[in-house]
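Q: Quick one: structure below, then a few questions.
The values are calculated or read from the model by the stated rules, or taken from the named source; none is laboratory data. In this text the structure is predicted, and so the values were computed from the model without any measurement. Methodologically, a virtual Cβ is constructed for each residue, glycine included, from the backbone with ideal geometry; neighbour enumeration extends over all protein chains shown. Each accessible area value is taken on the protein alone, full model and side chains, heavy atoms only, with ligands, DNA and RNA left out. Shrake-Rupley method; radii C 1.70, N 1.55, O 1.52, S 1.80 Å.
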Amino acid sequence: QLLKKGAAEVGGNWPMLVAFERDSVLNYVSSKSEQSIAEAQRFTFQESTTIMEGLARGYGKWQHSECQAMKKDLMKLDVDGTGRVPVSKFYSQPDAADYHFTESLEYLKQIGALDEAGRGEARV
């Protein structure tokens, strides 16, 4: 409960993740029984396993929308239309942003995401 409280206080995508989880549970309940949602507060181990399998299958689709939003925001930072963002802009997301990039320059270089070839500032 402490971890959940901490995540909720930080904000970001936590509310969307909680909604995703709740939807998965409600979908399971509505597909498997005629009992009301209020009655379905406890699940057997097998039911919990089935719910978790559904969460695992659906998570990729859910996360894809988050990736698309991140891509859209990064594209706004690409003023030259090169597909690359200056490092300073990459790291300077506002405090209210849903995400903050924390990958080190060394890591970005290691995975081939850092472009230091041009004049001026390196780009991601």
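Q: Per residue, how much accessible area does the chain show when a 1.4 Å probe rolls over the protein heavy atoms, in square angstrom? Intermediate values should be presented prior to the final figure.
A: Details: 9500 Å² over 124 residues.
Per residue, the chain has 77 Å² of solvent-accessible surface.
Q: Take the solvent-accessible surface of the protein heavy atoms, probe 1.4 Å, and return the percent of it on the stretch 31-124 that carbon and sulfur atoms account for. All intermediate terms of the calculation are to be shown ahead of the outcome.
A: Values: 3790 of 7250 Å².
Whole-percent figure for carbon plus sulfur exposure: 52.
Q: Considering only Cα-Cα distances, which of the following residue pairs are longer than 26 Å: Lys72/Lys109; Lys61/Lys109; Lys32/Lys71?
A: Details: Lys72/Lys109 23 Å; Lys61/Lys109 29 Å; Lys32/Lys71 37 Å.
In this structure, Lys61/Lys109; Lys32/Lys71 exceed 26 Å between Cα atoms.
Q: Considering only protein heavy atoms, with the full assembly of protein chains and a 1.4 angstrom probe, order Val29, Val79 by accessible area, largest first.
A: Numbers: Val29 5, Val79 105 Å².
I get Val79, Val29, largest accessible area first.
Q: Now a separate question. With each label point set 7 Å from Cα along the Cα-Cβ vector, what nm distance links Asp73 and Gln110?
A: The two pseudo-label positions are separated by 2.4 nm.
Q: Taking only the C-alpha atoms, wrap a convex hull around the stretch 25-124 and report its volume per residue in Å³ as a whole number.
A: Numbers: hull volume 16.4 nm³, N = 100.
Hull volume normalised by residue count: 164 Å³.
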